[in-house]
Amino acid sequence: LRADNARTIYTGSYRLNGDAPAVVLSNRKLIFYSTTTRGSQEGSRPNVSARGFTVTKTSWNEKWCKTYINPLSGDRSFAAPLGLTLEIVPVTNPADITSGRPAVFRVLYRGQPLRNATVNATYQNFNSREQEAYAVTTTSDSGGQVSITPNERGIWMVQVGHTASVSGNPNYDEESLKSIVVFTVK
């Protein structure tokens, strides 16, 4: 990967062997943000305190994105969790997701189903200025599952965020996590 500082992104390319299914995993590594009496500062509680700020709360922030490429009907590799702290795992094979038919996903936090999580979905040409913030918003059930019915063809994104308090850690008070799955709807 190469840094493209003008667009604040990394770019690169990779050639897949043939048309086998693949998952691209992106991760925005751990970043600390501290809330202080003088606004938000990047850094852990000890780091920000050492700079003379009074810290009221520190969050550990991390994000993941899984993109499914060349999914194949009959292949089951999509259903295996990758062991991320917060993860969305398709129950419906991404190769079989079509417009107008429900697709099921499972939300996991530390490998366990996450219930009552707000899950949002949107697609490539969705215009949030003219419509709601997301095309679909739903809540996971007791097994961590959600059903989303894509109503448009093209690239879709399903995302979930989760914040949890952490006790006894000297560096931060909570973890703020986000996980995203990207796939193509036929």
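Annotations for the structure displayed:
- Tally, over the range 16-49, of residues that are at pLDDT 80 or above and closer than 25 Å to P90 by Cβ: 9
- The residues in the range 34-60 that are of a type outside the set (S, T, N, Q), without any contact (Cβ under 8 Å) to a residue 40 or more places away in the chain and under 13 Å from D173 (Cβ atoms) can be counted, and the count is 2.
- Of the set (1) exposed (fewer than 10 other Cβ atoms within 10 Å of the Cβ); (2) in contact with a Pro (Cβ under 6 Å, 6 or more places away or on another chain), all apply to T37 but (2).
- Filter result (aliphatic (A, V, I, L, M) and either at positive phi or touching a helix residue (DSSP H, G or I) at 6+ places or on another chain (Cβ under 7 Å) (or both)) within the range 72-90: L72, V89
- Complete set of residues in the range 154-170 that are out of contact with any Phe, Trp or Tyr (no Cβ under 7 Å at 6 or more places or on another chain), surrounded by 15 or more Cβ atoms within 10 Å (Cβ to Cβ) and in contact (Cβ under 8 Å) with a residue 40 or more places away in the chain: Q159, V160, G161
- Filtered residues of the range 53-80 (kept if within 15 Å of R106 (Cβ to Cβ) and open to solvent by 70 Å² or more (accessible area, probe 1.4 Å)): R76
- One residue alone among V91, V181, V185, V136 is modelled with pLDDT of 95 or more and more than 30 Å from G43 (Cα to Cα), and that residue is V91.
- Considering the conditions (1) modelled with pLDDT of 95 or more; (2) out of contact with any Leu (no Cβ under 8 Å at 6 or more places or on another chain); (3) open to solvent by less than 70 Å² (accessible area, probe 1.4 Å), Y109 is excluded by exactly one of them, (2).
- Hits in the range 81-96 - residues which are open to solvent by 50 Å² or more (accessible area, probe 1.4 Å) and hydrophobic (A, V, I, L, M, F, W, C): L82, V91
The values are calculated or read from the model by the stated rules, or taken from the named source; none is laboratory data. Predicted model, so just to flag it, every value in this text is computed and none were measured. So basically every Cβ, Gly included, is an ideal-geometry build from the backbone, and we count neighbours across all protein chains shown. Just so you know, the surface numbers come from the protein's heavy atoms only, side chains and all, with ligands and any DNA or RNA stripped out. Shrake-Rupley method; radii C 1.70, N 1.55, O 1.52, S 1.80 Å.
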